[in-house]
Number of protein chains: 2
Amino acid sequence: MTSLRERKKERTRQALIDAAVELFQRRGYDKTTVADIAAAADIATRTFFGYFASKEELLFPESDERVRAAVKAIEERKPEDTPADLLLRALHDVGEASGEMVSPLAAVRVQLIQTVPAVRGRALQLQLDAQREIAGHLVAAFPGELDRVTAGALVGAFIGAVSGALQALMDNPTTNANANANARADLREATAIALRPWRR
Amino acid sequence: MTSLRERKKERTRQALIDAAVELFQRRGYDKTTVADIAAAADIATRTFFGYFASKEELLFPESDERVRAAVKAIEERKPEDTPADLLLRALHDVGEASGEMVSPLAAVRVQLIQTVPAVRGRALQLQLDAQREIAGHLVAAFPGELDRVTAGALVGAFIGAVSGALQALMDNPTTNANANANARADLREATAIALRPWRR
DNA sequence: ACCGTATCTGCATCGAGTGCATTTTTGCAA
DNA sequence: TTGCAAAAATGCACTCGATGCAGATACGGT
């Protein structure tokens, strides 16, 4: 049962995100002040920080959603699965769960991660947190077989390879004729590279 | 011949770093303002930003030194080397070259990376830049054999593995009570564990 | 000693973020 | 409906990081 309070709060929250995305696109991130966003959502400036701890955090609302998908894949381990199997399945599930990232928020986020240092810093921070959490669950899924440091290395290699490949993809001025298909192939290649030494 | 101007500038630069490190240790990063640092170095607050673009940047003065070691290892490629060979050697050299990790600056930096989000963000950013640069040189060292995306994945996997292992090591202060004393030993151990699957 | 230039400095200003006290809104019971 | 406590919103003052600008100062070469 969602109370009126919760509904209203969620509505303002979404209004803030929508207003911010629109302003970021039109005037750029740096030229948009928190006061602008709040005004566009018809909210006092001070109240903004009751919804988001900082200007960057507005861009990462459902930060733990993808982590959940990965954790779920790990916890559904079958006895014959290797850690690498779980990571591959987790990545696949994450790709499904994030619905191809078609929201306008996701679009502007991708662009800002590449251009605004503060936003990129926040994104990297979240990625690091996700790595730690996934590594912890991986250790729990393989008791006695996988120690923390090795799990950290494995997850780091995996996520590092994927994001390294993605970064190289984005650096290239690619014509997006069939870029999506190529990207998928590249990602598969990247995971293969990262996991090859770990397969036994 | 270094002019008096350059010498003076270098002296104040070092004075700023020293003063900052001392203040960070005694009062903490957040409780130390830029004005405090400038005052301790007998410099106007405004002048601080002529030396460092931001408060965090003071902590990373020689940011590209370790990258140079890696690049050097890559450029000394022998014909029979594979990309993985070069990265293994590069990371090994980096581990050796970080012998100056004993400076007070490095000590306080390690601590602040773990505790202050802004500092960690900056460190991650520098690591990402290093990855991109190394990947670029790797592509140049294997013309026609290695594309950008694959190189990005490979470098990401290596560096991700090492830093993931290092992070896992640092997260656990309980185990190996003596290991926490020396950051360099941690780096060595993390590298060994992270890269073991790649060795043949 | 002189002058052009690099550097330093004070000052005004902006924007992010916080603490606090006050007001408004909501949930719930009488 | 009214009364009341909790939650949320708001205004205000303030700190701090960072930038732009103009004037003062120090340096290097002549």
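Mind ordering B:191-198, B:29-36 by average Cβ neighbours within 10 Å, highest first?
On the way: B:191-198: 19.8, B:29-36: 14.4.
Result, highest mean Cβ count within 10 Å first: B:191-198, B:29-36.
Tell me the Rg and the Dmax, in Å, that the Cα atoms of the stretch A:130-200 produce.
Here Rg and the maximum Cα pair distance are 14.7, 48 Å.
Let me see the pair-distance distribution of chain B: every alpha carbon pair, 5 Å bin width, integer percents in order.
Reading the bins upward from 0: 1, 7, 13, 16, 17, 14, 12, 9, 7, 3, 1, 0.
What is the gain in length, in nm to one decimal, between A:R7 and A:E189 on full extension, counting 0.36 nm per residue of separation less the C-alpha to C-alpha distance? Walk me through the numbers before you get to the answer.
Working: separation 182, 0.36 × 182 = 65.52 nm, distance 4.41 nm.
The A:R7-A:E189 span can extend by a further 61.1 nm.
Determine the sum of side-chain charges near A:A40: Lys and Arg each +1, Asp and Glu each -1, restricted to other residues whose C-beta is under 10 angstrom from that of A:A40.
Working: positive: none; negative: A:D18, A:E22, A:D36, A:D42.
Computed value for this residue: -4.
Apply the Karplus curve 6.51 cos²θ - 1.76 cosθ + 1.60, θ = phi - 60°, to the phi angles in the stretch B:26-35 and return the couplings in whole Hz, x for Gly and Pro.
Along the stretch B:26-35, the couplings run 7, 10, x, 5, 5, 7, 9, 8, 4, 4 Hz.
Over all residues in A:181-188, what is the mean tally of Cβ atoms on other chains that come within 10 Å of each residue's Cβ? Please list the in-between numbers first.
Numbers: counts 0, 1, 1, 0, 1, 6, 2, 0.
The shielding value for this peptide is 1.
If one computes the Cα centroid of the stretch A:81-125 and of the stretch B:35-77, what distance in Å separates the two points?
31
How many Cβ atoms of partner chains, on average, are near each residue of A:57-68 if near means within 10 Å of its Cβ? It would help to have the intermediate numbers written out before the result.
Numbers: counts 0, 0, 0, 0, 0, 0, 0, 0, 0, 0, 0, 0.
Other-chain Cβ atoms within 10 Å of each residue's Cβ, averaged: 0.
Compute the FRET efficiency between A:A44 and A:D147 as 1/(1 + (r/R0)^6), taking r as their Cβ-Cβ distance and R0 = 56 Å, and round to the nearest 0.05. List each step's numbers first, then the result.
Working: r = 51 Å, r/R0 = 0.90.
Approximately 0.65, to the nearest 0.05.
What is the local net charge at B:A90, summed over the other residues whose Cβ is closer than 13 Å to its Cβ (Lys, Arg +1; Asp, Glu -1)?
Details: positive: B:R66, B:R68, B:K72, B:R77, B:R89; negative: B:E75, B:E76, B:D81, B:D85, B:D93, B:E96, B:E133.
Overall, the nearby charge balance is -2.
Among A:P104, A:P143, A:P173, which one shows the biggest mean-square fluctuation in a GNM of chain A, springs joining Cα atoms closer than 10 Å?
A:P173
Based only on Cα atoms, what Rg/Rh ratio does the stretch B:86-155 have, Rh being taken as Kirkwood's radius?
Numbers: Rg = 15.0 Å, Rh = 13.9 Å.
Reported Rg/Rh, Kirkwood definition of Rh: 1.08.
Please average, across the residues of B:112-120, the number of beta carbons from any other chain that are within 10 Å of each residue's own beta carbon, and give a whole number. Walk me through the numbers before you get to the answer.
On the way: counts 0, 0, 0, 0, 0, 4, 3, 1, 4.
Partner-chain Cβ atoms within 10 Å, mean over residues of B:112-120: 1.
Each label point is 7 Å from the Cα along the Cα-to-Cβ direction; what then is the distance between the points at A:S54 and A:R199, in nm?
4.0
Roughly how large, in nm² to one decimal, is the mean projection of the convex hull of the alpha-carbon atoms in the protein assembly as shown?
The directionally averaged projection comes out at 25.0 nm².
No value in this document is a laboratory result; all are computed from the given coordinates. What you see is a predicted model, and the numbers here were worked out from it, not measured in a lab. We place every Cβ from the backbone using ideal geometry, glycine too, and count neighbours over all the protein chains shown.
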